[in-house]
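Before anything else, here's the structure in question.
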Amino acid sequence: MSSRNVSVAGTFYPSQCSEIKRYINAFSEQIPSGQSKVKARAIISPHAGYVYSGFTANSAYKMINTQGIKRVIVIGPSHRVYIKGASVALYDDYKSPCGDLLIDKVYSQRLLDSHDSLCFDPSAHAEHSTETQVPFIQNYFEKVELVEIVYGDIDFSKLVPIIETALKDEENFVVISTDLSHFFTLEEANQLDRICLKAIEEMDLAKLEKGCEACGMIGVKAVLQSANKLGLQSQLIDYRTSYDTSSDASSVVGYVSALIV
């Protein structure tokens, strides 16, 4: 058995499952009860440390009606290594403090065989943008298998057919990982992030080019383009910055979560 090992447990999120659940329960307690579930097809979710962006991510994950989902495709940008194109994980399982998840290796290999932009580069799969999503997936989805795609130097259009193919299968769910602006003042960050939020809400790729900053911009563009082609809509769920946790307005990072329905 080959495994995709954890790389940021104990830093971005707790290394103990009990502590992960404590975080998620605490986030959920801040959400009004009686919230209806949504039959979403994809999510845009942040990937910073849970103390900063966990509430934003959880706010969207908690809304998802997960019935019938058998496979979750997690797509995020590479922060640690340079990749030409994108890498799909061809391990057997995905390690996690809350128990290991099976990787759908057959589906992953099928994607690799049918898309020239994909490869398997093991060095790409120590990536926090995708890994931070896994505890939320384990908490809210039952008996799913995982597909992990980490991208680098790639045009967003190369990801569109991959995401579009995934979204056409009702048993699939797609996670697009991104944070928003980085290290601006709170006022500057809010101004830049409003551009991103409006573009996501209106599913307008051109608006993303008018000042939006996001480390996962490629993935966001690709999922919006795919959703537009398939007649889906977007629903903004939560936005905040690191200021909400740190109270430091001099250098903040922005976070958003949204559903594609």
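The values are calculated or read from the model by the stated rules, or taken from the named source; none is laboratory data. Not measured: the values here are computed from a predicted model. Cβ atoms come from the backbone with ideal geometry, glycine included; neighbour counts cover every protein chain shown.
If only one of Leu167, Leu180, Leu159 is under 16 Å from the mean Cα position of the chain (by Cα), in a loop (DSSP other than H, G, I, E, B) and crowded, with 20+ Cβ neighbours inside 10 Å, which one is it?
Leu180
For the stretch 225-261, what are the residues that are part of a loop (DSSP other than H, G, I, E, B) and either of a type in the set (S, T, N, Q) or touching an Asp or Glu at 6+ places or on another chain (Cβ under 9 Å) (or both)?
Hits for the stretch 225-261 are Gln233, Ser242, Ser247, Ala249, Ser250, Ser251.
Does the stretch 70-89 include one or more residues that are surrounded by fewer than 16 Cβ atoms within 10 Å (Cβ to Cβ) and over 21 Å from Ile154 (Cβ atoms)?
The first filter runs over the stretch 70-89 and keeps only residues surrounded by fewer than 16 Cβ atoms within 10 Å (Cβ to Cβ), leaving 79-82, 84.
Subset that is over 21 Å from Ile154 (Cβ atoms): none.
Within the stretch 70-89, none of the residues are surrounded by fewer than 16 Cβ atoms within 10 Å (Cβ to Cβ) and over 21 Å from Ile154 (Cβ atoms).
What is the one condition in (1) on the phi > 0 side of the Ramachandran plot; (2) modelled with pLDDT under 95 that Gly99 does not satisfy?
So the condition that Gly99 fails would be (2).
While we're looking at this one, here's another question. Could you grab me the full set of residues in the stretch 210-229 that are over 24 Å from Arg240 (Cβ atoms) and of a type in the set (Asp, Glu)?
Passing the criteria: none in range.
Still on this structure: Do the conditions hold for Ala222, that is, is it part of a loop (DSSP other than H, G, I, E, B) and in contact with a Leu (Cβ under 6 Å, 6 or more places away or on another chain)?
So Ala222 does not fit the description; no.
How many residues are part of a strand (DSSP E or B) and buried (at least 22 other Cβ atoms within 10 Å of the Cβ) when one looks only at the stretch 119-154?
6
I've got another one for you. Within the stretch 85-96, can one find any residue that is within 24 Å of Val6 (Cα to Cα), out of contact with any strand residue (DSSP E or B) (no Cβ under 9 Å at 6 or more places or on another chain) and at pLDDT 95 or above?
To start, the set of residues in the stretch 85-96 that are within 24 Å of Val6 (Cα to Cα) comprises 85-96.
Restricting the remaining residues to those that are out of contact with any strand residue (DSSP E or B) (no Cβ under 9 Å at 6 or more places or on another chain) gives none.
No: zero hits.
Taking the stated definitions as given, is Gln109 at pLDDT 95 or above, of a type in the set (S, T, N, Q) and out of contact with any Pro (no Cβ under 7 Å at 6 or more places or on another chain)?
Answer is yes for this residue.
Which residue pairs have Cβ atoms closer than 7 Å, lie 6 or more positions apart in sequence or on different chains, and pair a first residue in the stretch 32-54 that is under 17 Å from Ile260 (Cβ atoms) and charged (D, E, K, R) with a second residue that is in a loop (DSSP other than H, G, I, E, B) and at pLDDT 95 or above?
These pairs meet every condition: Lys37/Met63; Lys37/Asn65; Lys39/Asn65; Lys39/Val261; Arg41/Leu232; Arg41/Val261.
Need pairs with beta-carbon distance below 8 Å; first residue closer than 15 Å to Glu201 by Cβ and within the stretch 211-223, second outside any helix (DSSP H, G or I) and acidic (Asp, Glu); sequence gap 6+ or separate chains.
Between residues of the stretch 211-223 that are closer than 15 Å to Glu201 by Cβ and residues that are outside any helix (DSSP H, G or I) and acidic (Asp, Glu), the close pairs are Ala214/Asp179.
Scan the stretch 191-206 for residues that are part of a helix (DSSP H, G or I) and within 21 Å of the chain's Cα centre (by Cα) and jot them down.
Leu192, Asp193, Arg194, Ile195, Cys196, Leu197, Lys198, Ala199, Ile200, Glu201, Glu202, Leu205
Scan Ala26, Ala40 and give me the residue that is of a type in the set (A, V, I, L, M) and surrounded by 16 or more Cβ atoms within 10 Å (Cβ to Cβ).
Answer to the check: Ala40.
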